[in-house]
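Everything on this sheet refers to the single structure shown next.
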Amino acid sequence: MIQVDHVSKRYNKSALVVKDVSFHVGQGQIFGLLGPNGAGKTTLMQMISTLLKPTEGTIRITGLDTKTSTQAIRRSIGFLTTEIKLDPLSTPNQLFDFFGELYDIPREMIPVKKKESFERFGISPFADKRIMELSTGMKQKISIVISLIHDPHVIIFDEPTNGLDILTSRQVMDYLLELKALGRSVLLSTHIFSVAEQLCDEIAILVDGTIVDQGSAEELTQKTESKNFEEAFFKLYTKYHKEG
Amino acid sequence: MRRAIRALVRKTFGKNHSMKTQASVITLLCCVGFVIAVLAYLSSLALYWMRRERPVNYAENIIVVNPPETWRKFSDRFLSDYQESVAGEKGMLIYREWDAVYDIFTFDTWMEENDAFLTIVFPEDFDEIVLEKEIDELPEILTYFPSDHPEYATTRNDFCETTLSIDYLRYVQIMSGVPFEWGDFYNTSTRPSGNWASWGKIVKERSSRMVMPLLFFIGILYVCMLSGMNAIAGEKERGTFSSLLMTPLSRGTIVLGNFIGVFLHAMIPTCVLLVPTVFFARASGLLSILLLVISLSLFIAAITILISCLNSSIVSAQTTFLPIFLIILVVCVTCMQDSTKNPINPFLPIYGHFYGIGDGMMGTVAWGSVLVCILGTLLLTGICLFVSERVLHKEQFTVAVETKSEKQLRKAAKALAKQQRDYVSVSRAKVFGYTSQRRKSLLSFLVGHALLPLALLSLFQPVAMIPALVSYMKSPESTKFISMFKDITSVSRISEVFDASVKVFSGFMQDKYFILCMGLGYWLVIAIYIGIVRLREKNPLSTLGFPRLTSSDPQGPAWKAYVRGLGLGLILISSVYLLLLLTGQVTCDGFSLETDSIGLFILYILMWIPQGATEEIMMRGYMMPRVASRFGLPFAIFFSSMCFSLMHAFNAGFSILALINLALIATFFAVFAYKSGHIYTVCAMHTVWNFCQGNLFGLEVSGNPGSASILSSSATDRASDILSGGAFGPEGGLCVTIVMAAAFGVLFLAEKRKKSKKSANV
């Protein structure tokens, strides 16, 4: 579903932020990108979700090139990142209606969908409060609901459990597993090991813009002869990270 | 796509975030000020119109001021039939005597009272000059007329050009036996021109051609700025724009949706303003106005959307838009002037809109230019929207770029370092407990401190001068003074005129209203300084040299410190006067205060109190601690003293010695204030110093002659300017230097004694 081939990215005149990255995410698979801050995860995800254009290489989603068929791709992906914020003065209700209109969801379907997803995440009691009055966790849940408003086939979540308590994280993770069961492809970036370990079928370790190793959590642990996945990550990181 | 556009349009009508920025507040204030100015202009026209309520059928008389003998003879002989000659009404020559030949106020009143349509003013010594026979040019004769009598324009011109210029000239030539030419012939209007009926027309035309277009422009510009900047730049600032970009909408749809929203916003003021237009304009005019304002709103909306796309925050977008806003306003102003109307302008956007709206109001629509202008505007609108759409494809305008290039990083580090350097509060010297909170750049710091007193004084002094100036115009002295300006032919004349102006200003020192207004003005300046310190700096008043002193303080309560200052000041200035007497520079002519100048004397006292305090607050209270905190105390004393000294450079008789003396006095006050920790005492010293010079001993105060003085003093024959200071007063002479040197000595000794006492106690 997501095919990334030798992708590199350079902003204006700076050095390469993402260097020659390739991977594949199949249907019904959860793929994790794991790396420290500044490794290039967000840039990579923004490229996959058509917000940025790769300097080199190609990205295909459901067979379509992100450089050319942007609009068609945006219709089939749901993208969530911490950089995208919700209008602080709107209410969840208004936002849902607004994005429903933008995604051209049939008018009679909007209230039905809204009720279903708001109840699932426990947003209903807050549906008429302004975003600025809500907690971080609630905001994140609303973001998730809105990014999945159009039932996308490909889901790209940048740090979805960032700033959430254990209960809410659990809720989000369960939901992702549910989506996986429905045959959706999920690309997930995180720096939390437990999330990566529990959720992902395959994990790519990203250090300084390059994928240094790839495989399931167990595979990586075995490959690096570590006690657990966390240690495996540190070994890989110290091996490949160049100072300065 | 239609649903999406509708949703985007609705979104622009959501809560507006851009109203709270400073740029929008400044723009709003500009707009309000602008409209008020134009309305004030119009209402002044209307006031003139309303004043004209005299009946049209009135006797037409001529006022002749200072008629010379030749004129009386001339009029007896040739103007005896004058009564029948003017407009078939009874007309008379009314003779008056008046010294001030430029006093338009008096002449206007006379003409109003006597139903005169012309005033002829002869110089007082007209006959003497003419009959001396040695001139080749007649002295000037001035004529004044109220120009709102257009029905008498012909009569007036006939009278001036035939009777006065030819017949009377010939008569004078015969009398004197010398052929000569007229000098300049002045024909001065005392009121703007027009008549009863035409005023209404003028006011309607001006309001149609100036106010209505301007209101449309300001309304559309302001509303577009608020909503346009909020639409895309605001979304970027709040981080919600990316979620919009992630939807399957094309960039074009996003631009279009926001554009329509902003346009609909602009239609709100437009619709409101169209309501009064309906009552003024005819159908065709209304149609043209409607088309023009719609195209204008589209164009401005497109510009704001383009700027919004290019910027990533509301403030930066508004700041970008502000120059465009001002340029358009300037274009509006040029459109208000008839002289800029050329055949091409009505076809151009903005120009064409302004003229077109005015034409529509007046019912003189030129459809050709209106249509060309609208088409041009629509084309520009399309270009703006196209560019906006292209801009949204560029990554740098849509997604926040995380990684910065090396150059950007270096720049950011530099900016941070500068910020830290500028904002760290390091005080080099602490005066009156002041510590700087923020560092400005060196130049703006010094210029701000040196120019603030000048700016404030130059703001209120001319205002205080207005009543004095009006009464001066009515006095005979003004005649000579104004005629000086006409004779400026060389540089040396300019300096003469300058000296004369200074003298005129000094003359105002005898005017009650001037003294009163000055006093009030000084209080105002004090209030401004208190405002600066309390509201802007948010510092206590003690940093202005006004700490709260109680009786437990070693110096006693504030009033005691003030009274001590009065005593010390009296001692200082008395020693100067004594020295002047002893060296034989001046003689005391005894008691001179007259009973009718007691009022002025009291006003003087009331003026000197805030005057002394103001100068002390400016230089010692405000400037010294602030300069000291950055450059140290010695420089602060030097700088404030030089500023104080140079502030008097425009006074009469200013010399190098005066500069040095004033700097010495200022330095003494500065050191005294610094040592005492407040400025109560120096305020009183300053007040009493000036008061005694001007109103006790009758000397000049820094070049200003004293009046209403208790004693009167005059310079002796052997007085030298070096010792006595000449026209500048004692402050320009060596006597003050000597006394100030002695005062420094006493101050030094007192400090030394204080120190030794302290060490003895320890």
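The values are calculated or read from the model by the stated rules, or taken from the named source; none is laboratory data. Predicted model only: the values in this text are computed from it and were never measured. All Cβ positions, even for glycine, are placed from backbone atoms using ideal geometry, and neighbour counts span all protein chains on display.
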- Task: Being small (G, A, S), under 23 Å from A:D104 (Cα atoms) and in contact (Cβ under 8 Å) with a residue 12 or more places away in the chain is the filter here, so list the residues in segment A:121-147 that pass it.
- Result: A:A127, A:S143, A:S147
- The condition of being modelled with pLDDT under 75, more than 14 Å from every other protein chain (Cβ to nearest Cβ), farther than 30 Å from B:E205 by Cβ and surrounded by 15 or more Cβ atoms within 10 Å (Cβ to Cβ) holds, among B:V86, B:V65, B:V101, only for B:V86
- Item | Residues located in segment B:366-390, provided they are aliphatic (A, V, I, L, M) and in contact with a Leu (Cβ under 8 Å, 6 or more places away or on another chain) | B:V370, B:I374, B:L378, B:L385, B:V387
- Message: Please pick out the residue among B:S629, B:S640 that is crowded, with 22+ Cβ neighbours inside 10 Å and either of a type outside the set (S, T, N, Q) or closer than 26 Å to B:Q461 by Cα (or both).
- Response: B:S640
- Query: Yes or no: A:Q140 more than 12 Å from chain B (Cβ to nearest Cβ) and out of contact with any strand residue (DSSP E or B) (no Cβ under 6 Å at 6 or more places or on another chain)?
  - Reply: yes
- Hey, which of the helices (runs of 4 or more DSSP H) in segment B:294-393, taking only ones fully inside, have at least 3 residues that are buried (at least 23 other Cβ atoms within 10 Å of the Cβ) and over 32 Å from the mean Cα position of the chain (by Cα)? B:351-362, B:367-391
- Message: Going by what's in this entry, would B:F279 be described as at pLDDT 90 or above and in a helix (DSSP H, G or I)?
- Response: no
- Task: Say whether the condition of being in contact with a strand residue (DSSP E or B) (Cβ under 9 Å, 6 or more places away or on another chain), over 25 Å from B:A527 (Cβ atoms) and assigned to a helix (DSSP H, G or I) is met by at least one residue in segment B:581-591.
- Result: yes
- Note on the structure: Every listed condition ((1) closer than 25 Å to B:W523 by Cβ; (2) at pLDDT 80 or above; (3) in contact with an Asp or Glu (Cβ under 6 Å, 6 or more places away or on another chain)) holds for B:S702 save (2)
- Task: Could you tell me whether A:F99 is over 22 Å from A:L164 (Cα atoms), in contact (Cβ under 8 Å) with a residue 24 or more places away in the chain, buried (at least 20 other Cβ atoms within 10 Å of the Cβ) and among the aromatic types (F, W, Y)?
- Result: yes
- Task: Could you tell me whether A:F118 is within 20 Å of B:G14 (Cβ to Cβ), more than 13 Å from chain B (Cβ to nearest Cβ) and touching a residue at least 12 places away in the same chain (Cβ under 8 Å)?
- Result: no
- Can you work out which of the residues in segment A:2-42 that are within 14 Å of chain B (Cβ to nearest Cβ) and charged (D, E, K, R) is nearest to A:T58 (Cα to Cα)? A:K9
- Message: Checking the condition farther than 30 Å from B:A429 by Cα and under 28 Å from the mean Cα position of the chain (by Cα), which residue from B:F639, B:F644, B:F654, B:F601 passes?
- Response: B:F654
- Query: So, of the residues in segment B:214-248 that are β-branched (V, I, T) and in a helix (DSSP H, G or I), which turns out to be farthest from the other protein chains (Cβ to nearest Cβ)?
  - Reply: B:I218
- Task: Of the numbered conditions (1) within 11 Å of chain B (Cβ to nearest Cβ); (2) at pLDDT below 90, A:M45 fails exactly one; give the number of that condition.
- Result: (1)
- Item | Options B:S574, B:S542: the member that is of a type in the set (S, T, N, Q), assigned to a helix (DSSP H, G or I) and surrounded by fewer than 16 Cβ atoms within 10 Å (Cβ to Cβ) | B:S574
- Can you pull out the residues in segment A:121-132 that are surrounded by 20 or more Cβ atoms within 10 Å (Cβ to Cβ) and within 14 Å of chain B (Cβ to nearest Cβ)? A:I131
- Task: With a cut-off of at least 1 residues that are among the basic types (K, R), name the helices (runs of 4 or more DSSP H) lying wholly within segment B:611-726.
- Result: B:624-631, B:656-676
- Item | In segment A:94-115, the residues that are of a type outside the set (A, V, I, L, M) and within 13 Å of another protein chain (Cβ to nearest Cβ) | A:Q94, A:F96, A:D97, A:F98, A:F99, A:G100, A:E101, A:Y103, A:D104, A:P106, A:R107
- Message: Return the pair list, or none, for Cβ contacts closer than 9 Å from residues in segment A:77-91 that are more than 8 Å from chain B (Cβ to nearest Cβ) and farther than 18 Å from B:L249 by Cα to residues that are aliphatic (A, V, I, L, M) and surrounded by fewer than 23 Cβ atoms within 10 Å (Cβ to Cβ), at least 6 apart or on different chains.
- Response: A:T91/A:A127; A:T91/A:I131
- Item | Only one of B:T550, B:T583 that is hydroxyl-bearing (S, T, Y) and in contact with a helix residue (DSSP H, G or I) (Cβ under 7 Å, 6 or more places away or on another chain) | B:T583
- Query: Scanning for something surrounded by 19 or more Cβ atoms within 10 Å (Cβ to Cβ), more than 37 Å from the chain's Cα centre (by Cα), among the aliphatic types (A, V, I, L, M) and modelled with pLDDT under 80, does segment B:712-724 turn up at least one residue?
  - Reply: yes
- What tally of residues in segment A:149-170 results from selecting those that are closer than 23 Å to A:S135 by Cβ and either hydrophobic (A, V, I, L, M, F, W, C) or crowded, with 19+ Cβ neighbours inside 10 Å (or both)? 11
